[in-house]
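K.L.:
To start, I am sharing the structure in question, which I have written as C-alpha coordinates.
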Amino acid sequence: MTANTRDKAQGATYYGMDIEHLCINTIRTLSMDGVQKANSGHPGTPMALAPINFLLYSEFLKHNPRDPHWHDRDRFILSAGHASMLLYSSLYLSGYDLSLEELKNFRQWGSKTPGHPEFTHTPGVETTTGPLGQGFGNGVGMGLAARWLAERFNKPGFDVVNHHIYSICSDGDLMEGVSSEAASIAGFLKLGNLIYFYDDNNITIDGPATLAFREDVGKRFEAYGWHIQHVDDVNDLDALRSSIRAAQGEKDRPSLIVVKSTIAYGSPNKANTAEAHGSPLGKDEVVLTKQNLGWPWEEPFYVPDEALQYMRQAVVRGEEAQGKWNDLMSRYEAEFPDAAAELKLFLSGGLPEGWDDELPEFPPEKGPMATRSSSGQTVNAIAKKVDNLLSGAADLYPSTDVYIKEGGDLSGDNFMARNIHYGIREHGMGAILQGMALHKGVIPFGSTFLLFYDYMRPPLRL
(Lines give C-alpha, C1' and ligand atoms only; values in the text may rest on other atoms or scores of the structure.)
Protein backbone atom coordinates (compact mmCIF):
# COMPACT_ATOMS: atom_id res chain seq x y z
CA MET A 1 0.00 0.00 0.00
CA THR A 2 1.63 3.24 -1.18
CA ALA A 3 1.12 6.61 0.47
CA ASN A 4 -1.52 7.42 -2.16
CA THR A 5 -3.48 4.21 -1.63
CA ARG A 6 -3.06 4.68 2.11
CA ASP A 7 -4.80 8.05 1.84
CA LYS A 8 -7.56 6.43 -0.18
CA ALA A 9 -7.90 3.72 2.46
CA GLN A 10 -8.39 6.36 5.12
CA GLY A 11 -11.30 7.82 3.18
CA ALA A 12 -13.00 4.51 2.42
CA THR A 13 -15.44 2.33 4.33
CA TYR A 14 -14.83 -1.36 4.93
CA TYR A 15 -17.59 -3.62 6.24
CA GLY A 16 -19.29 -0.57 7.73
CA MET A 17 -16.10 0.78 9.36
CA ASP A 18 -13.42 3.24 8.32
CA ILE A 19 -9.93 1.78 7.99
CA GLU A 20 -8.81 3.09 11.38
CA HIS A 21 -11.64 1.43 13.27
CA LEU A 22 -11.26 -1.72 11.20
CA CYS A 23 -7.65 -1.94 12.42
CA ILE A 24 -8.58 -1.07 16.00
CA ASN A 25 -11.30 -3.71 16.08
CA THR A 26 -8.88 -6.23 14.58
CA ILE A 27 -6.60 -5.67 17.57
CA ARG A 28 -9.59 -6.04 19.90
CA THR A 29 -10.92 -9.23 18.36
CA LEU A 30 -7.50 -10.89 18.10
CA SER A 31 -6.93 -10.08 21.77
CA MET A 32 -10.23 -11.44 23.01
CA ASP A 33 -9.91 -14.53 20.79
CA GLY A 34 -6.40 -15.25 22.08
CA VAL A 35 -7.49 -15.09 25.70
CA GLN A 36 -10.63 -17.11 24.99
CA LYS A 37 -8.73 -19.90 23.22
CA ALA A 38 -6.19 -20.08 26.06
CA ASN A 39 -9.07 -19.93 28.56
CA SER A 40 -6.78 -17.69 30.58
CA GLY A 41 -5.59 -14.11 30.53
CA HIS A 42 -6.72 -10.50 30.54
CA PRO A 43 -8.95 -9.46 27.62
CA GLY A 44 -10.37 -6.21 29.00
CA THR A 45 -7.34 -3.90 28.82
CA PRO A 46 -6.33 -4.84 25.23
CA MET A 47 -9.92 -4.20 24.15
CA ALA A 48 -9.87 -0.81 25.87
CA LEU A 49 -6.45 0.39 24.72
CA ALA A 50 -6.45 -0.83 21.12
CA PRO A 51 -6.76 2.79 19.84
CA ILE A 52 -3.46 3.77 21.52
CA ASN A 53 -1.52 0.87 20.06
CA PHE A 54 -3.11 1.36 16.66
CA LEU A 55 -1.85 4.95 16.54
CA LEU A 56 1.58 4.10 17.92
CA TYR A 57 2.32 1.19 15.61
CA SER A 58 0.72 2.67 12.49
CA GLU A 59 1.76 6.34 12.84
CA PHE A 60 3.99 7.43 15.67
CA LEU A 61 6.57 4.79 16.58
CA LYS A 62 9.89 5.06 14.80
CA HIS A 63 10.59 1.35 14.43
CA ASN A 64 11.46 -1.24 11.82
CA PRO A 65 9.63 -4.57 12.30
CA ARG A 66 12.23 -6.22 10.06
CA ASP A 67 15.04 -5.15 12.39
CA PRO A 68 13.77 -5.02 15.98
CA HIS A 69 17.30 -4.28 17.25
CA TRP A 70 17.97 -1.14 15.19
CA HIS A 71 19.48 1.10 17.82
CA ASP A 72 17.77 4.41 17.12
CA ARG A 73 14.27 2.91 17.21
CA ASP A 74 11.66 4.19 19.63
CA ARG A 75 11.05 1.76 22.49
CA PHE A 76 7.56 0.63 23.50
CA ILE A 77 7.08 -0.91 26.94
CA LEU A 78 3.84 -2.51 28.05
CA SER A 79 4.36 -2.00 31.76
CA ALA A 80 0.85 -3.42 32.25
CA GLY A 81 2.21 -6.78 31.12
CA HIS A 82 -1.01 -8.64 31.90
CA ALA A 83 -2.45 -6.97 28.77
CA SER A 84 0.09 -8.84 26.64
CA MET A 85 -2.36 -9.72 23.85
CA LEU A 86 -2.50 -5.99 23.07
CA LEU A 87 1.23 -6.07 22.35
CA TYR A 88 1.24 -9.40 20.51
CA SER A 89 -1.64 -8.35 18.25
CA SER A 90 0.14 -5.07 17.45
CA LEU A 91 3.45 -6.80 16.70
CA TYR A 92 1.82 -9.37 14.41
CA LEU A 93 -0.23 -6.82 12.49
CA SER A 94 2.67 -4.40 11.99
CA GLY A 95 4.97 -7.06 10.56
CA TYR A 96 7.25 -8.41 13.28
CA ASP A 97 8.38 -12.03 13.15
CA LEU A 98 5.33 -13.21 15.06
CA SER A 99 2.82 -15.33 13.20
CA LEU A 100 -0.93 -15.55 13.58
CA GLU A 101 -0.36 -19.13 14.71
CA GLU A 102 1.62 -17.81 17.67
CA LEU A 103 -1.34 -15.63 18.66
CA LYS A 104 -3.50 -18.74 18.56
CA ASN A 105 -1.01 -20.40 20.93
CA PHE A 106 -1.20 -17.61 23.50
CA ARG A 107 -0.04 -18.78 26.96
CA GLN A 108 0.85 -22.25 25.63
CA TRP A 109 4.13 -23.95 26.44
CA GLY A 110 6.83 -23.21 23.87
CA SER A 111 4.96 -20.38 22.13
CA LYS A 112 6.34 -16.89 21.50
CA THR A 113 3.30 -15.46 23.26
CA PRO A 114 3.65 -16.10 27.00
CA GLY A 115 1.16 -14.67 29.47
CA HIS A 116 3.43 -11.69 30.17
CA PRO A 117 5.92 -10.28 27.63
CA GLU A 118 9.43 -11.70 27.98
CA PHE A 119 12.58 -10.04 26.63
CA THR A 120 14.53 -12.08 24.01
CA HIS A 121 11.61 -14.50 23.71
CA THR A 122 9.40 -12.46 21.37
CA PRO A 123 10.62 -10.09 18.63
CA GLY A 124 9.65 -6.52 19.47
CA VAL A 125 9.40 -7.05 23.23
CA GLU A 126 11.83 -4.63 24.88
CA THR A 127 11.72 -5.88 28.46
CA THR A 128 10.11 -8.51 30.67
CA THR A 129 7.05 -7.02 32.36
CA GLY A 130 5.66 -9.34 34.97
CA PRO A 131 5.75 -7.54 38.33
CA LEU A 132 3.78 -4.32 37.97
CA GLY A 133 5.82 -1.13 38.02
CA GLN A 134 9.03 -2.72 36.74
CA GLY A 135 8.36 -1.77 33.13
CA PHE A 136 7.72 1.78 34.24
CA GLY A 137 11.15 1.91 35.88
CA ASN A 138 12.85 0.12 32.98
CA GLY A 139 11.57 2.84 30.65
CA VAL A 140 13.10 5.52 32.85
CA GLY A 141 16.42 3.67 32.61
CA MET A 142 16.15 3.52 28.82
CA GLY A 143 15.40 7.22 28.70
CA LEU A 144 18.40 7.95 30.93
CA ALA A 145 20.74 5.88 28.76
CA ALA A 146 19.45 7.47 25.56
CA ARG A 147 19.86 10.97 26.95
CA TRP A 148 23.41 10.24 28.13
CA LEU A 149 24.41 8.89 24.72
CA ALA A 150 22.76 11.82 22.94
CA GLU A 151 24.64 14.33 25.09
CA ARG A 152 27.93 12.60 24.38
CA PHE A 153 27.59 11.88 20.66
CA ASN A 154 25.09 14.21 18.99
CA LYS A 155 26.59 17.09 17.03
CA PRO A 156 24.92 20.04 15.27
CA GLY A 157 23.06 18.52 12.31
CA PHE A 158 23.86 14.99 13.48
CA ASP A 159 21.28 13.71 15.97
CA VAL A 160 22.47 10.12 15.77
CA VAL A 161 20.75 9.27 19.07
CA ASN A 162 17.22 10.62 18.82
CA HIS A 163 14.34 8.45 19.97
CA HIS A 164 11.51 8.26 22.49
CA ILE A 165 10.48 5.66 25.05
CA TYR A 166 6.74 5.01 25.09
CA SER A 167 4.96 3.05 27.78
CA ILE A 168 1.46 2.06 28.84
CA CYS A 169 0.97 1.81 32.58
CA SER A 170 -2.04 0.79 34.64
CA ASP A 171 -3.51 1.55 38.05
CA GLY A 172 -1.46 -1.38 39.35
CA ASP A 173 1.78 0.03 37.98
CA LEU A 174 1.17 3.37 39.64
CA MET A 175 0.14 1.88 42.99
CA GLU A 176 3.44 -0.02 43.23
CA GLY A 177 6.07 2.05 45.02
CA VAL A 178 8.77 1.39 42.42
CA SER A 179 6.96 3.59 39.90
CA SER A 180 6.83 6.49 42.35
CA GLU A 181 10.59 6.31 42.89
CA ALA A 182 11.33 6.01 39.17
CA ALA A 183 8.91 8.82 38.27
CA SER A 184 10.54 11.12 40.81
CA ILE A 185 13.99 10.47 39.35
CA ALA A 186 12.71 10.94 35.78
CA GLY A 187 11.26 14.33 36.65
CA PHE A 188 14.42 15.40 38.47
CA LEU A 189 16.55 14.39 35.47
CA LYS A 190 14.24 16.16 32.97
CA LEU A 191 13.85 13.09 30.78
CA GLY A 192 11.83 14.65 27.97
CA ASN A 193 12.23 11.53 25.84
CA LEU A 194 9.65 9.63 27.95
CA ILE A 195 6.02 9.47 26.78
CA TYR A 196 3.82 7.39 29.08
CA PHE A 197 0.10 6.63 28.88
CA TYR A 198 -1.81 6.02 32.10
CA ASP A 199 -4.84 3.81 31.54
CA ASP A 200 -7.38 5.39 33.88
CA ASN A 201 -10.11 2.71 33.76
CA ASN A 202 -10.81 2.53 37.52
CA ILE A 203 -10.93 -1.29 37.52
CA THR A 204 -8.68 -3.73 39.39
CA ILE A 205 -9.04 -7.43 40.14
CA ASP A 206 -10.86 -6.79 43.42
CA GLY A 207 -13.31 -4.34 41.83
CA PRO A 208 -13.29 -0.56 41.41
CA ALA A 209 -9.81 0.93 41.87
CA THR A 210 -11.41 3.39 44.30
CA LEU A 211 -11.52 0.59 46.85
CA ALA A 212 -7.89 1.51 47.56
CA PHE A 213 -6.83 4.24 45.10
CA ARG A 214 -8.44 7.69 44.97
CA GLU A 215 -5.53 10.05 44.34
CA ASP A 216 -5.25 12.56 41.50
CA VAL A 217 -2.52 10.88 39.44
CA GLY A 218 -2.05 13.90 37.18
CA LYS A 219 -1.35 16.24 40.09
CA ARG A 220 0.97 13.69 41.67
CA PHE A 221 3.07 13.46 38.50
CA GLU A 222 2.96 17.20 38.02
CA ALA A 223 4.60 17.45 41.45
CA TYR A 224 7.31 15.07 40.21
CA GLY A 225 8.05 17.50 37.37
CA TRP A 226 6.18 15.72 34.57
CA HIS A 227 4.24 17.28 31.69
CA ILE A 228 0.59 16.22 32.14
CA GLN A 229 -2.19 15.92 29.55
CA HIS A 230 -5.68 14.43 29.78
CA VAL A 231 -7.66 12.57 27.12
CA ASP A 232 -11.25 12.04 28.20
CA ASP A 233 -11.96 9.14 25.82
CA VAL A 234 -9.39 6.70 24.47
CA ASN A 235 -11.52 6.30 21.34
CA ASP A 236 -11.00 9.97 20.42
CA LEU A 237 -8.16 9.45 17.94
CA ASP A 238 -7.69 13.15 17.21
CA ALA A 239 -7.30 13.93 20.92
CA LEU A 240 -4.76 11.11 21.24
CA ARG A 241 -2.84 12.36 18.22
CA SER A 242 -2.69 15.90 19.62
CA SER A 243 -1.49 14.69 22.99
CA ILE A 244 1.24 12.51 21.46
CA ARG A 245 2.50 15.36 19.29
CA ALA A 246 2.54 17.72 22.25
CA ALA A 247 4.49 15.13 24.27
CA GLN A 248 6.99 14.69 21.44
CA GLY A 249 7.60 18.44 21.51
CA GLU A 250 8.28 18.47 25.25
CA LYS A 251 12.07 18.42 25.69
CA ASP A 252 12.68 19.08 29.39
CA ARG A 253 9.91 17.12 31.12
CA PRO A 254 8.78 13.50 30.85
CA SER A 255 5.18 13.28 29.65
CA LEU A 256 2.23 11.47 31.18
CA ILE A 257 -0.99 11.27 29.16
CA VAL A 258 -3.88 10.36 31.45
CA VAL A 259 -6.39 8.48 29.29
CA LYS A 260 -9.91 7.53 30.30
CA SER A 261 -10.93 4.11 28.99
CA THR A 262 -13.59 1.44 29.49
CA ILE A 263 -12.20 -1.99 30.25
CA ALA A 264 -13.57 -4.63 27.83
CA TYR A 265 -14.88 -1.88 25.56
CA GLY A 266 -17.65 -3.22 23.33
CA SER A 267 -18.65 -6.13 25.55
CA PRO A 268 -22.41 -5.86 26.32
CA ASN A 269 -22.18 -7.63 29.70
CA LYS A 270 -18.54 -7.43 30.81
CA ALA A 271 -17.51 -3.85 29.95
CA ASN A 272 -16.43 -1.77 32.96
CA THR A 273 -16.38 -4.81 35.28
CA ALA A 274 -13.60 -6.50 37.23
CA GLU A 275 -14.69 -9.75 35.60
CA ALA A 276 -13.03 -8.65 32.35
CA HIS A 277 -9.73 -7.94 34.08
CA GLY A 278 -8.37 -11.44 34.57
CA SER A 279 -10.79 -13.89 32.92
CA PRO A 280 -11.88 -14.73 29.38
CA LEU A 281 -15.13 -13.12 28.27
CA GLY A 282 -16.74 -16.49 27.52
CA LYS A 283 -17.59 -17.83 24.06
CA ASP A 284 -21.09 -16.37 23.99
CA GLU A 285 -19.90 -12.98 25.16
CA VAL A 286 -17.15 -12.93 22.52
CA VAL A 287 -19.81 -13.42 19.82
CA LEU A 288 -22.01 -10.72 21.34
CA THR A 289 -19.07 -8.32 21.59
CA LYS A 290 -18.13 -8.80 17.95
CA GLN A 291 -21.72 -8.11 16.95
CA ASN A 292 -21.79 -5.03 19.16
CA LEU A 293 -18.61 -3.71 17.54
CA GLY A 294 -20.10 -4.22 14.09
CA TRP A 295 -17.60 -7.01 13.38
CA PRO A 296 -19.14 -9.21 10.66
CA TRP A 297 -17.10 -12.35 11.34
CA GLU A 298 -17.66 -14.83 14.16
CA GLU A 299 -14.65 -16.87 13.04
CA PRO A 300 -11.90 -16.62 15.71
CA PHE A 301 -8.67 -14.85 14.73
CA TYR A 302 -10.10 -13.43 11.52
CA VAL A 303 -7.87 -10.70 10.06
CA PRO A 304 -9.29 -8.57 7.23
CA ASP A 305 -6.79 -8.14 4.40
CA GLU A 306 -7.37 -4.39 4.38
CA ALA A 307 -6.42 -4.05 8.05
CA LEU A 308 -3.31 -6.20 7.63
CA GLN A 309 -2.14 -4.23 4.58
CA TYR A 310 -2.71 -0.93 6.36
CA MET A 311 -0.81 -1.97 9.50
CA ARG A 312 2.01 -3.61 7.53
CA GLN A 313 2.94 -0.22 6.13
CA ALA A 314 4.99 -0.01 9.34
CA VAL A 315 7.58 -2.14 7.52
CA VAL A 316 7.91 0.34 4.65
CA ARG A 317 8.11 3.33 6.98
CA GLY A 318 10.53 1.53 9.27
CA GLU A 319 12.93 0.56 6.52
CA GLU A 320 12.83 4.12 5.21
CA ALA A 321 13.52 5.57 8.68
CA GLN A 322 16.38 3.17 9.31
CA GLY A 323 17.80 3.89 5.87
CA LYS A 324 17.87 7.62 6.64
CA TRP A 325 19.59 6.90 9.95
CA ASN A 326 22.17 4.69 8.20
CA ASP A 327 22.91 7.53 5.78
CA LEU A 328 23.22 9.95 8.70
CA MET A 329 25.64 7.57 10.43
CA SER A 330 27.75 7.28 7.27
CA ARG A 331 28.11 11.05 7.08
CA TYR A 332 28.73 11.21 10.84
CA GLU A 333 31.50 8.63 10.51
CA ALA A 334 33.16 10.67 7.76
CA GLU A 335 32.88 13.92 9.75
CA PHE A 336 33.61 12.57 13.25
CA PRO A 337 35.49 9.27 12.83
CA ASP A 338 36.69 8.99 16.43
CA ALA A 339 33.26 9.66 17.93
CA ALA A 340 31.63 7.25 15.46
CA ALA A 341 34.09 4.49 16.35
CA GLU A 342 33.45 5.03 20.05
CA LEU A 343 29.66 5.03 19.58
CA LYS A 344 29.84 1.77 17.65
CA LEU A 345 31.98 0.23 20.38
CA PHE A 346 29.52 1.34 23.07
CA LEU A 347 26.50 0.03 21.18
CA SER A 348 28.18 -3.30 20.49
CA GLY A 349 28.77 -3.90 24.19
CA GLY A 350 32.50 -4.22 23.57
CA LEU A 351 35.35 -2.96 25.72
CA PRO A 352 38.36 -0.92 24.59
CA GLU A 353 41.67 -2.65 24.14
CA GLY A 354 43.72 -2.70 27.32
CA TRP A 355 40.75 -1.88 29.57
CA ASP A 356 42.15 -4.20 32.25
CA ASP A 357 45.84 -3.34 31.91
CA GLU A 358 46.04 -1.29 35.10
CA LEU A 359 43.75 -3.10 37.47
CA PRO A 360 44.97 -2.81 41.08
CA GLU A 361 46.20 -5.87 42.96
CA PHE A 362 45.64 -6.62 46.64
CA PRO A 363 48.13 -9.27 47.81
CA PRO A 364 47.81 -10.53 51.41
CA GLU A 365 51.11 -8.94 52.43
CA LYS A 366 49.58 -5.51 51.96
CA GLY A 367 47.45 -6.18 54.99
CA PRO A 368 43.73 -6.10 55.58
CA MET A 369 41.50 -3.82 53.51
CA ALA A 370 37.76 -3.23 53.49
CA THR A 371 36.18 -4.76 50.40
CA ARG A 372 34.46 -1.44 49.67
CA SER A 373 37.92 0.14 49.38
CA SER A 374 39.28 -2.46 47.00
CA SER A 375 36.03 -2.26 45.03
CA GLY A 376 36.29 1.52 44.75
CA GLN A 377 39.88 1.38 43.56
CA THR A 378 38.99 -1.25 40.96
CA VAL A 379 35.98 0.72 39.70
CA ASN A 380 38.10 3.84 39.26
CA ALA A 381 40.85 1.96 37.46
CA ILE A 382 38.30 0.55 34.99
CA ALA A 383 36.53 3.91 34.64
CA LYS A 384 39.74 5.49 33.34
CA LYS A 385 39.61 3.15 30.33
CA VAL A 386 35.88 2.43 29.94
CA ASP A 387 34.19 5.78 29.34
CA ASN A 388 30.62 4.44 29.32
CA LEU A 389 30.87 2.87 32.78
CA LEU A 390 28.26 4.75 34.83
CA SER A 391 28.32 4.52 38.60
CA GLY A 392 25.32 4.83 40.90
CA ALA A 393 24.44 4.84 44.58
CA ALA A 394 21.29 5.07 46.65
CA ASP A 395 22.53 7.97 48.79
CA LEU A 396 25.51 5.89 49.94
CA TYR A 397 28.55 6.99 47.93
CA PRO A 398 30.62 7.73 51.07
CA SER A 399 29.87 4.21 52.32
CA THR A 400 30.04 2.14 49.13
CA ASP A 401 33.12 4.03 47.90
CA VAL A 402 32.38 3.56 44.17
CA TYR A 403 32.26 7.22 43.17
CA ILE A 404 34.08 7.76 39.88
CA LYS A 405 36.66 10.45 40.60
CA GLU A 406 36.38 13.38 38.19
CA GLY A 407 33.24 11.73 36.79
CA GLY A 408 30.94 14.53 37.91
CA ASP A 409 27.39 14.34 39.27
CA LEU A 410 24.71 13.56 36.73
CA SER A 411 21.63 15.83 36.81
CA GLY A 412 19.02 17.24 34.47
CA ASP A 413 21.43 20.06 33.66
CA ASN A 414 24.61 17.97 33.52
CA PHE A 415 24.18 14.78 31.52
CA MET A 416 27.81 14.34 30.62
CA ALA A 417 28.55 13.13 34.15
CA ARG A 418 29.10 9.51 35.20
CA ASN A 419 27.92 9.36 38.82
CA ILE A 420 24.18 8.94 39.29
CA HIS A 421 22.67 9.89 42.63
CA TYR A 422 19.54 7.75 42.93
CA GLY A 423 18.64 9.15 46.32
CA ILE A 424 17.07 6.83 48.86
CA ARG A 425 15.22 4.92 46.16
CA GLU A 426 16.56 1.37 45.94
CA HIS A 427 13.42 -0.02 44.27
CA GLY A 428 13.64 2.57 41.52
CA MET A 429 17.39 2.20 41.15
CA GLY A 430 17.10 -1.52 40.43
CA ALA A 431 14.48 -1.08 37.71
CA ILE A 432 16.32 1.89 36.17
CA LEU A 433 19.63 -0.01 36.04
CA GLN A 434 17.93 -2.84 34.21
CA GLY A 435 16.43 -0.44 31.69
CA MET A 436 19.80 1.21 31.07
CA ALA A 437 21.42 -2.15 30.42
CA LEU A 438 18.59 -3.23 28.09
CA HIS A 439 18.90 -0.01 26.10
CA LYS A 440 22.57 -0.73 25.33
CA GLY A 441 25.38 1.76 24.94
CA VAL A 442 26.15 2.19 28.64
CA ILE A 443 27.46 -0.13 31.35
CA PRO A 444 25.59 0.82 34.52
CA PHE A 445 25.90 -0.33 38.10
CA GLY A 446 24.35 0.73 41.36
CA SER A 447 25.40 0.34 44.97
CA THR A 448 23.71 0.08 48.34
CA PHE A 449 23.91 -1.81 51.63
CA LEU A 450 23.21 -5.55 51.62
CA LEU A 451 19.99 -5.09 53.60
CA PHE A 452 18.59 -2.65 51.04
CA TYR A 453 19.62 -5.01 48.28
CA ASP A 454 16.49 -6.98 49.18
CA TYR A 455 14.41 -4.03 47.95
CA MET A 456 15.84 -4.74 44.48
CA ARG A 457 14.88 -8.41 44.23
CA PRO A 458 12.22 -8.05 41.51
CA PRO A 459 14.53 -6.38 38.95
CA LEU A 460 17.40 -8.67 39.93
CA ARG A 461 15.24 -11.73 39.28
CA LEU A 462 14.04 -10.29 35.99
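The values are calculated or read from the model by the stated rules, or taken from the named source; none is laboratory data. This is a predicted model, so every value here is computed, not measured. In this analysis, Cβ positions are derived from the backbone assuming ideal geometry, glycine residues included, and neighbour counts consider all displayed protein chains. Side chains included, ligands, DNA and RNA excluded: accessible areas come from the protein's heavy atoms. Shrake-Rupley method; radii C 1.70, N 1.55, O 1.52, S 1.80 Å.
K.L.:
I'd like the residue in the stretch 273-304 that is among the aliphatic types (A, V, I, L, M) and outside any helix (DSSP H, G or I) and, out of all such residues, is surrounded by the most Cβ atoms within 10 Å (Cβ to Cβ).
P.N.:
Leu281
K.L.:
Let me ask you something else. Take Glu306 and tell me if it is in contact with a Cys (Cβ under 9 Å, 6 or more places away or on another chain) and among the acidic types (Asp, Glu).
P.N.:
The answer is yes for Glu306.
K.L.:
Taking the stretch 192-247, which residues are open to solvent by less than 40 Å² (accessible area, probe 1.4 Å), aliphatic (A, V, I, L, M), modelled with pLDDT under 95 and not in a helix (DSSP H, G or I)?
P.N.:
The one that is open to solvent by less than 40 Å² (accessible area, probe 1.4 Å), aliphatic (A, V, I, L, M), modelled with pLDDT under 95 and not in a helix (DSSP H, G or I): Ile203.
K.L.:
Any residue at all in the stretch 252-272 that is open to solvent by less than 40 Å² (accessible area, probe 1.4 Å), touching a residue at least 60 places away in the same chain (Cβ under 8 Å), part of a helix (DSSP H, G or I) and in contact with a Pro (Cβ under 8 Å, 6 or more places away or on another chain)?
P.N.:
No, the stretch 252-272 contains no residue that is open to solvent by less than 40 Å² (accessible area, probe 1.4 Å), touching a residue at least 60 places away in the same chain (Cβ under 8 Å), part of a helix (DSSP H, G or I) and in contact with a Pro (Cβ under 8 Å, 6 or more places away or on another chain).
K.L.:
Give me the pairs: first residue in the stretch 100-124 and aromatic (Phe, Trp, Tyr), second residue assigned to a loop (DSSP other than H, G, I, E, B) and surrounded by 20 or more Cβ atoms within 10 Å (Cβ to Cβ), beta-carbon distance under 7 Å, and six or more apart or on different chains, which are they?
P.N.:
Pairs found: Phe106/Gly41; Phe106/Thr113; Phe119/Val125; Phe119/Glu126; Phe119/Thr127; Phe119/Thr128.
Here's the yes/no breakdown for (1) farther than 23 Å from Ser179 by Cα; (2) modelled with pLDDT of 95 or more; (3) open to solvent by 60 Å² or more (accessible area, probe 1.4 Å):
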site: Gly407; (1), (2), (3): yes, yes, no
site: His427; (1), (2), (3): no, yes, yes
site: Val442; (1), (2), (3): no, yes, no
site: Leu451; (1), (2), (3): no, no, yes
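K.L.:
Quick one: in the stretch 182-232, which of the residues that are among the acidic types (Asp, Glu) and over 17 Å from Ala246 (Cβ atoms) is farthest from the chain's Cα centre (by Cα)?
P.N.:
Taking the candidates together, the pick is Asp206.
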